[in-house]
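Single-structure report; data block below.
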Amino acid sequence: MESPIQSYLEQLLADVSGETMGTPYPIHPSGSAPDPQDFGICLATVDGYVYSVGASDKRFSIQSISKPFSYGLAMADHGIEAVDEKVDVEPSGDPFNEISLAPGTGRPANAMINAGALAVVSMIKGSGGKTAPRRIMDFYSKCAGRRLAGSKAVFDVEMRNSDRNHSLAYLLSSFGVIDDDPTRALENYLRQCSAQVTCRDLAMMAGTLANAGTNPRTGETALEIEQVERVLSVMMTSGMYDDAGSWVSSVGMPAKSGVGGGTLAVLPGQAGLAVFSPPLDAHGSSVRGVETCRRLSSDMEMHFVRAA
Ligand code: GLN
């Protein structure tokens, strides 16, 4: 007999498929336009079970969902305090690519907006050479429990469409927040954004955060609990950019969206959730991703107030 969770997710997929608003991210290598119909939902429990419905094995770019993971890696490399000196933990309420640096110091508000993510990536050990991109991919792979790789084609097209990110990297360098080559920081950031993942991978990555930093299937530890606590706190207040307040009110789970169409949410101690659907809302988050998380949170009582 099919499990009640599996049947529930199938019904949810069918219901939310009726939502056809939004536009996929326009920047992609030629010949690989995102399919607006693709839609997948995966749930990975901390005891290692994965439920999946729809397009759960289709690959897409992780994009901004990379940010919380690189933040975790930078803290694992240098400790939380050293990272705090460069990047604050305040919600900015700004769009992801806003030029929001603290007056005087240039310290980005948090690690979920591009300014903070660029500062974070420049701190990762080996960022001056070829080691950092490999270490980043190894780390994401450990969280996903499967070998992941970046896409050169996605990286190239992002690099050609990154005037704002170039400027941000140079601004951060002018303040000394990036003390490495700013172009290198930008390249490493866009390389991490180009990591190719599936909805199932994202659910496992969320499951690793839900399971206090240890992948529920491989048993490998990627992060310590202090680092997970920090990553999830910043995701809770800033993961959904300028939509963060409405997200916390209606979904109540730490989450992160990416323009590749992925949405990742974490129910600490219980499960990791991922949704894949390319059409985006005005904030750059997946329309169906947001709607699916809202319904799941309400139907399964996943809001942090109810889940306890
Ligand atoms: N590559 C994108 C950028 O930095 C990622 C943005 C996102 O997913 N929100 O512009």
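Where a number appears in this text, it was derived from the coordinates with a stated rule and is not lab data. Fair warning: this is a prediction, and the values are worked out from it, not measured in the lab. In this analysis, Cβ positions are derived from the backbone assuming ideal geometry, glycine residues included, and neighbour counts consider all displayed protein chains.
Pairs of Lys residues in the chain are counted when their Cα atoms are under 16 angstrom apart and they lie 8 or more places apart or on different chains; the count is 6. Rounded to the nearest 0.05, the FRET efficiency derived from the C-beta distance between SER246 and HIS166 at R0 = 41 Å is 0.85.
In nm, what is the difference between 0.36 nm times the number of residues separating THR20 and SER298 and their Cα-Cα distance?
Residue separation times 0.36 nm, minus the Cα-Cα distance, leaves 97.9 nm.
Coupling constants for the stretch 266-280 follow from the phi torsions by the Karplus curve (6.51 cos²θ - 1.76 cosθ + 1.60, θ = phi - 60°), and in residue order they are 10, 10, x, x, 10, 7, x, 10, 9, 10, 10, 6, x, x, 10 Hz; glycine and proline get x. Enumerate by residue number the trypsin sites (Lys or Arg not before Pro) in the stretch 110-188 meeting two conditions: DSSP loop (anything except H, G, I, E, B), and at most 11 other Cβ atoms within 10 Å of the site's Cβ. Loop-located and lightly packed - LYS130, ARG147. Ranking of GLU158, GLU19 by neighbouring Cβ atoms within 10 Å, starting from the fewest: GLU19, GLU158.
Taking a sphere under 11 Å around the Cβ of GLY145 and counting the other residues whose Cβ falls inside, with K and R at +1 and D and E at -1, yields a net charge of +3.
Between SER30 and MET159, residue separation times 0.36 nm minus the direct Cα-Cα distance comes to 45.0 nm. Proximity of backbone amide H atoms, modeled 1.01 Å from N, is registered between ARG107 and ALA102 at under 5 Å, excluding neighbours fewer than 5 places apart on the same chain. Our estimate of slack between GLU2 and ALA102, defined as 0.36 nm per intervening residue step minus the Cα-Cα distance, is 30.7 nm. Largest mean-square fluctuation among ASP281, ASP181, ASP94, in a Gaussian network model of the chain whose springs join Cα atoms under 10 Å apart, belongs to ASP181.
For ALA55, the amide hydrogen comes within under 5 Å of the amide hydrogens of PHE39, GLY40, ILE41, counting only partners 5 or more places away or on other chains and with H modelled in the peptide plane.
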